Amino acid sequence: MAVPDSHRPFNTSNDGMREATQWINELTGGSEYRSGAVDLSAAEIQHLLEFAGGGAARFVFNTADTLEAMVDSDKEVVSWKVPFARKVHGQVGEYHHRERYYELREELKPWKKELKSLSEIERMRFKKKHPTETELVKRLDSADRKLRRLRKERKRVAGDKVQEARVMREMGSVYRGFNGGARELRGEE
């Protein structure tokens, strides 16, 4: 039996957000073991809020996480979440890698669609004319397949924190690998 989204542990989700989604799940008839009428993932809600709110929302979440870690001795202060320290320290959070991956994915959608619509001869010309975009579409397809496999695996190991953390690290590796390859192909490094 799969763990409800609201009760899945994600290292990157804010504790307050996780508690709120669990409360909503339970309020709508769910429990720790089954989904209610409204079962939301804290990580997904946080990501949407950060996306919609941009830098200001990320600043608020990072500040809240830092203050919580400073008060709770069981939590570690993460340097890249300390307001303004990330600029000095230079580390980038996992959200950045995932967000950049999906930005690139959206950017490549028209290229992929056009490539698919071409005949074999037209495709060969297209590849010669647009080698970078063609290679990026190929790499994106490969990364998407890996991520689909990892999402299935994440569902399969739901509830096992060690295995979930391993799968999340592997997903992060896919995001970082694709993003780095895109920078390299585009000559951005």
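Side notes on the structure shown:
- The range 103-137: number of residues that are without any contact (Cβ under 8 Å) to a residue 24 or more places away in the chain and surrounded by 13 or more Cβ atoms within 10 Å (Cβ to Cβ): 9
- Residue check for Glu99: farther than 25 Å from Gly177 by Cα and either in a helix (DSSP H, G or I) or modelled with pLDDT of 90 or more (or both): no
- Residue within the range 71-79 that is at pLDDT 75 or above, part of a loop (DSSP other than H, G, I, E, B), on the phi < 0 side of the Ramachandran plot and surrounded by fewer than 13 Cβ atoms within 10 Å (Cβ to Cβ) present: no
- Residues (hydrophobic (A, V, I, L, M, F, W, C) and either part of a helix (DSSP H, G or I) or under 12 Å from the mean Cα position of the chain (by Cα) (or both)) located in the range 147-182: Leu147, Leu150, Val162, Ala165, Val167, Met168, Met171, Val174, Phe178, Ala182
- Among the residues of the range 1-29, those that are at pLDDT 80 or above and in contact with a Gly (Cβ under 9 Å, 6 or more places away or on another chain) comprise Gln22, Ile24, Asn25, Glu26, Leu27, Thr28, Gly29.
- The residue list Arg149, Arg86, Arg58 contains one member that is surrounded by 12 or more Cβ atoms within 10 Å (Cβ to Cβ), closer than 26 Å to Gly177 by Cβ and modelled with pLDDT of 90 or more, which is Arg149.
- Among (1) crowded, with 16+ Cβ neighbours inside 10 Å; (2) in contact with an Asp or Glu (Cβ under 6 Å, 6 or more places away or on another chain) - the single one Arg183 does not satisfy: (1)
The values are calculated or read from the model by the stated rules, or taken from the named source; none is laboratory data. Predicted model, so just to flag it, every value in this text is computed and none were measured. No Cβ is skipped: glycine too gets one built from the backbone with ideal geometry, and neighbour counts run over all protein chains shown.
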